[in-house]
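Peer 1: Just passing along the structure, written as structure tokens.
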Amino acid sequence: RRSSDLLRQVEHSQKLSSIGRLAAGVAHEINNPLAVINEKTGLMRDLIGLRDDFPDKERFLLLIDSVLKTVMRCRDITRRMLGFARRLDVTLEEININDVINETSGFLNQEALHRKIDLTLDLDADVTGIVSDRGQLQQVFLNILNNALAAVPDGGHIDIVTRGDAEGVSVIVRDNGCGMSKDTMACIFEPFFTTKKTKGTGLGLSITYGIVKRLGGEIGVESELDKGTAFTLRFPKHPKHEA
Ligand code: ADP
Ligand code: MG
């Protein structure tokens, strides 16, 4: 089915973004020692080049060239890794949160229809525009809605509510699914925490949390076992600290 393809894509991009950030961190750390190797090796080449009486001079200069070329190759690799991670950066634009929610829930309509799940949107027509990142907001709502779909039985309910005010917008995503225990609730934002065994990656909410924070927002959760769960998100008109 198309919707499960999409969900697989989202899970894939979640994995990519955590791996990407890790890779960028490593690439960044490796650049400094690489620069030191480059500099010291260059100095060795200059010192040997200046001496006429250095034994095996030509051979040493060839070996040093090969070290320098290899350092260049490593630098290309780290540069490419950093370039890959940069594409995960925040791109800010003026956004209507209702549009993002319409788009995102649209992706899941098929599955909701198929499982007779009632997906209700109650969108405040007067929400103010916020400055945020469309792609990352989509990711946030896909993660939360994906979890809600997994939590509700066939015929269940998922409600999405938006409310705007002078300082920003609030979004509530409520489901009448399986709910969570207090112990589970305490762990859900941790990377790799999942109760779904092999079906879950445990990355969705940890990535969601990171994105919401980067966009200057807040995320909270209320849940009761066997009753349901509500995620409350808050986004300011402008992210305070740009990432
Ligand atoms: P995953 O979905 O791969 O398990 P997430 O980070 O998205 O990872 O979620 C972590 C855990 O939080 C889930 O395994 C589940 O136990 C719990 N959870 C998240 N959303 C809900 C929800 N709407 N209802 C019940 N439990 C939820
Ligand atoms: Mg999930």
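Peer 1: What single numbered condition from (1) assigned to a loop (DSSP other than H, G, I, E, B); (2) among the small types (Gly, Ala, Ser); (3) farther than 26 Å from Lys237 by Cβ fails to hold for Ala125?
Peer 2: Unmet condition: (3).
Peer 1: Let me ask you something else. Mind checking which residues of region 161-183 are over 12 Å from Ala230 (Cβ atoms) and in a loop (DSSP other than H, G, I, E, B)?
Peer 2: Those that are over 12 Å from Ala230 (Cβ atoms) and in a loop (DSSP other than H, G, I, E, B): Asp165, Ala166, Glu167, Cys178, Ser181.
Peer 1: Considering only region 192-220, state which residues are surrounded by 15 or more Cβ atoms within 10 Å (Cβ to Cβ) and either over 28 Å from Asp89 (Cα atoms) or within 13 Å of ligand 2 (Cβ to nearest atom) (or both).
Peer 2: Phe193, Thr194, Gly200, Thr201, Gly202, Leu203, Gly204, Leu205, Ser206, Ile207, Thr208, Tyr209
Peer 1: Among the residues of region 108-122, write down those that are aliphatic (A, V, I, L, M) and either surrounded by fewer than 16 Cβ atoms within 10 Å (Cβ to Cβ) or in a loop (DSSP other than H, G, I, E, B) (or both).
Peer 2: Listed by number, the residues that qualify are Leu113, Ile117, Leu121.
Peer 1: OK, next. Does Asp159 satisfy being more than 9 Å from ligand 1 (Cβ to nearest atom) and modelled with pLDDT of 90 or more?
Peer 2: Here the answer is yes, as Asp159 does meet what is asked.
Peer 1: Can you tell me which residues in region 47-73 are in a helix (DSSP H, G or I) and not hydrophobic (A, V, I, L, M, F, W, C)?
Peer 2: Gly49, Lys57, Glu58, Arg59, Asp65, Ser66, Lys69, Thr70, Arg73
Peer 1: Could you grab me the full set of residues in region 76-95 that are touching a helix residue (DSSP H, G or I) at 6+ places or on another chain (Cβ under 9 Å) and modelled with pLDDT of 90 or more?
Peer 2: Selection gives Glu93, Ile95.
Peer 1: When only residues in region 147-160 that are away from ligand 2 (no atom under 16 Å from the Cβ) and in a loop (DSSP other than H, G, I, E, B) count, which is surrounded by the most Cβ atoms within 10 Å (Cβ to Cβ)?
Peer 2: Gly156
Peer 1: Answer with yes or no whether Ser181 is in contact with a Phe, Trp or Tyr (Cβ under 8 Å, 6 or more places away or on another chain) and polar (S, T, N, Q). Even if it seems obvious, please write down each step before you answer.
Peer 2: Details: in contact with a Phe, Trp or Tyr (Cβ under 8 Å, 6 or more places away or on another chain): no; polar (S, T, N, Q): yes.
The answer is no for Ser181.
Peer 1: Sticking with this one: Kindly indicate whether any position in region 201-221 is more than 18 Å from Thr104 (Cβ to Cβ), part of a strand (DSSP E or B), of a type outside the set (Lys, Arg) and within 12 Å of ligand 1 (Cβ to nearest atom).
Peer 2: yes
Peer 1: Follow-up. Going through region 161-191 one residue at a time, which ones are within 22 Å of the chain's Cα centre (by Cα), of a type in the set (A, V, I, L, M) and surrounded by 13 or more Cβ atoms within 10 Å (Cβ to Cβ)?
Peer 2: Val169, Val171, Ile172, Val173, Met185, Ile188
Peer 1: I'm checking my understanding of the structure. Among residues of region 222-240 that are away from ligand 1 (no atom under 11 Å from the Cβ) and assigned to a loop (DSSP other than H, G, I, E, B), which one is modelled with the lowest pLDDT?
Peer 2: Among those residues, the one meeting the criterion is Lys240.
Peer 1: Here are the criteria: (1) hydrophobic (A, V, I, L, M, F, W, C); (2) within 12 Å of ligand 1 (Cβ to nearest atom); (3) surrounded by 15 or more Cβ atoms within 10 Å (Cβ to Cβ). Tell me which single one Leu137 does not satisfy.
Peer 2: Answer for Leu137: the failing condition is (2).
Peer 1: With respect to Ile144, is the statement that it is under 16 Å from Gly228 (Cα atoms), within 11 Å of ligand 2 (Cβ to nearest atom) and in contact (Cβ under 8 Å) with a residue 40 or more places away in the chain true?
Peer 2: So Ile144 passes the test.
The values are calculated or read from the model by the stated rules, or taken from the named source; none is laboratory data. Please read all numbers here as calculations on a predicted model, not as lab measurements. Cβ sites come from the backbone with ideal geometry, for glycine too, and all protein chains shown count toward neighbours.
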